[in-house]
Structure formats: structure tokens, C-alpha cells
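This is the structure, below, for whatever I ask next.
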Amino acid sequence: MLGGKRVIAVVPARGGSKGVRLKNIHPLCGIPLIAHVGALVRELGYFDRAVVSTDHPVIAETARASGLEVPFVRPAELSGDLIGDCQVLSHALAELERLDGARYDVVTMLQPTSPLRRPSHVTATVTKLIDEGWDAVWTVSRTDPKYHPLKQLKIGADGAMDFYSAEGGAIIARQQLDQVYYRNGAAYAFTRACLVEQQTIMGKRAAAVVIDEPMVSIDTLEDFGKVEHLLGLRARERRSA
């Protein structure tokens, strides 16, 4: 419980990852990727329940060994590539409330593929939601101006190139560009009403926690290498502090 609210963590971990087979249990720094979430949850200590939503028995077994709960199996109809987070989270919330005979106020999503998150990132996200009355809060990172949406291009079927947005042609200097952000996957928090009644992860009133340090959302084996390098740098910084 946090701020008088009953808070659950849902860890989505289906078995059908394409880039890296069974990515959610692939080793990172010698332990399964999902085990990093288990360690984080234990460190935070305020979740009323922390559960994994998976369709794969080996992922479920690995999650349990990491201290996470797997009280239900994700149904096949919620395990495809095109299933949205809202559907998965709503199912997990409904199953937990059915099993526990309880009502939960806040759902936090912790994707295994963002292992660079710090406990402070998660707490900042959940407390912002609760203390400021938002429907949803996501962690985000600043987009480098070089990759701003108004600087993007498109190439048609005939090979002709044009600005992706008609406004792009008017951009001369980066000072003309508003700061934009992208979701980095470190943490998401939602009210029950956002998922159940609004049926969205954005919510009518959504806010962000901006993280100004490297975040990597793992998709490839190369990403695993990047994250291990960054975690190694963090460890050296701690030892030298």
C-alpha cells in the first residue's frame, strides 16, 4: 500500500518474443531478465501484489523462482503480437480482484525489457499518480532534436521523398522545435478507473515523469550488451563514490 491506496504491479511477459527467443528470461548480467524485476519489487516493498502475466510455463516457473507471483495464466487470445497493454493489464486486474475478493486502486506496469529503471523511477511514477490525481503517469525520455517528428522524412512507393509532416519544410533551426518525448518503458501507473472505465493506458488526464539518464528498452541481443555495459558503469560509480 502507498499513499493509502492498494497498489499492484503487473509484469507482462508473454512467450512469443520474436527478436530474442524467450527474451523475458534471457540472461542479463548472469540472471534471467525477469529476475531483475523481482529484485526491484522486493526492494520497493509497497506493492500489495506483484504478479506476472504470461502464457509460457517456463517464464512462469522462472518468475516464481524470482519471487514474483503467477496466480493465473494469460489466455491465448491475449498473447498475440497485436494485443495492447490495456487489455493485458485489465485482464490481470480483473483476475486478481476475482481471486483475492479485493478491489485495487492503482496498477503499475513493470516491463522486464526495461531493466535500467531505478526504484526511484517507479516510486516517482506511482506517487505522482496518487498525490496529484492523474489517471495515468508514464516515464519518458527527451527526444534528441535530430529525431524530432518534424524532421522525419517519408519515401513513397515511387521512390519520391518528402517531409513526413507538411510543417517539416518550414523548420530551419532546432530552436524552432518544441521539446518532445518518447516513452522509455521504465514504469507506468494507472488508476483502476483509467483501465476499467476509460479502457485506455493514456487516460483523460495523463502526466509524465522525465528521466534524464540512459534508458534502453530491450528488443535485440545487441540491446542486452548495451544494458550490461551501462549496468557495469553504474556499479563502478557506486564503488568509487
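Can you tell me how many residues within region 3-16 are in contact with a helix residue (DSSP H, G or I) (Cβ under 7 Å, 6 or more places away or on another chain) and surrounded by fewer than 20 Cβ atoms within 10 Å (Cβ to Cβ)?
Going through region 3-16 one residue at a time, the tally reaches 3.
In region 45-94, how many are touching a Pro at 6+ places or on another chain (Cβ under 8 Å) and over 26 Å from Met1 (Cα atoms)?
1
If a residue must be among the aromatic types (Phe, Trp, Tyr) and modelled with pLDDT under 95, how many such residues does region 154-189 contain?
Number of matching residues: 2.
Say we look at region 199-218 and pick out the residues that are touching a Ser or Thr at 6+ places or on another chain (Cβ under 6 Å) and surrounded by 19 or more Cβ atoms within 10 Å (Cβ to Cβ); which of these is nearest to Val122 (Cα to Cα)?
Among those that are touching a Ser or Thr at 6+ places or on another chain (Cβ under 6 Å) and surrounded by 19 or more Cβ atoms within 10 Å (Cβ to Cβ), it is Val209.
Give the residues of region 85-104 that are under 16 Å from the mean Cα position of the chain (by Cα) and open to solvent by less than 30 Å² (accessible area, probe 1.4 Å), sorted by residue number.
Scanning region 85-104 gives Cys86, Val88, Leu89, Ala92.
Hey, Ala193 hits all of (1) under 19 Å from the mean Cα position of the chain (by Cα); (2) at pLDDT 95 or above but one; which does it fall short on?
(1) is the only condition that Ala193 fails.
Let me ask something additional. Can you tell me which residue in region 174-203 is farthest from Cys29 (Cα to Cα), limited to those that are part of a loop (DSSP other than H, G, I, E, B) and among the hydrophobic types (A, V, I, L, M, F, W, C)?
In this case the residue turns out to be Leu177.
Given the condition at pLDDT 95 or above, in a loop (DSSP other than H, G, I, E, B) and farther than 26 Å from Leu221 by Cα, answer yes or no: does some residue in region 25-35 qualify?
No, that holds for no residue.
Find the residue count for region 62-84, including only residues that are in a helix (DSSP H, G or I), surrounded by 16 or more Cβ atoms within 10 Å (Cβ to Cβ) and at pLDDT below 95.
1
Find all pairs meeting these conditions: Cβ atoms under 9 angstrom apart; at least six residues apart or on different chains; first residue within region 160-176 and touching a residue at least 24 places away in the same chain (Cβ under 8 Å); second residue open to solvent by 100 Å² or more (accessible area, probe 1.4 Å) and part of a helix (DSSP H, G or I).
Qualifying pairs under 9 Å: Arg174/Lys146.
Could you list, in sequence order, the residues of region 107-139 that are in a helix (DSSP H, G or I), of a type outside the set (Ser, Thr, Tyr) and surrounded by fewer than 21 Cβ atoms within 10 Å (Cβ to Cβ)?
The answer is Pro119, His121, Ala124, Lys128, Ile130, Asp131, Glu132.
Tally time: how many residues in region 1-22 are modelled with pLDDT under 95 and farther than 13 Å from Ala60 by Cα?
Number satisfying all stated conditions: 10.
Collect the residues in region 204-228 that are assigned to a loop (DSSP other than H, G, I, E, B) and more than 15 Å from the chain's Cα centre (by Cα), keeping them in residue-number order.
Scanning region 204-228 gives Lys204, Arg205, Asp212, Glu213, Thr220.
If you don't mind, another one. From Arg234, Arg183, which residue is at negative phi and either touching a residue at least 60 places away in the same chain (Cβ under 8 Å) or open to solvent by 50 Å² or more (accessible area, probe 1.4 Å) (or both)?
Of the residues listed, the single one that is at negative phi and either touching a residue at least 60 places away in the same chain (Cβ under 8 Å) or open to solvent by 50 Å² or more (accessible area, probe 1.4 Å) (or both) is Arg183.
Out of all the residues in region 47-61, is one or more without any contact (Cβ under 8 Å) to a residue 24 or more places away in the chain and not in a helix (DSSP H, G or I)?
No; the residues of region 47-61 include none that is without any contact (Cβ under 8 Å) to a residue 24 or more places away in the chain and not in a helix (DSSP H, G or I).
The values are calculated or read from the model by the stated rules, or taken from the named source; none is laboratory data. These numbers were taken from a predicted model, which means no experiment stands behind them. As a convention, Cβ positions derive from the backbone with ideal geometry for all residues, glycine included, and neighbour counts pool all protein chains shown. Quick note on the areas: whole protein, heavy atoms, side chains included, nothing else; ligands and nucleic acids left out. Shrake-Rupley method; radii C 1.70, N 1.55, O 1.52, S 1.80 Å.
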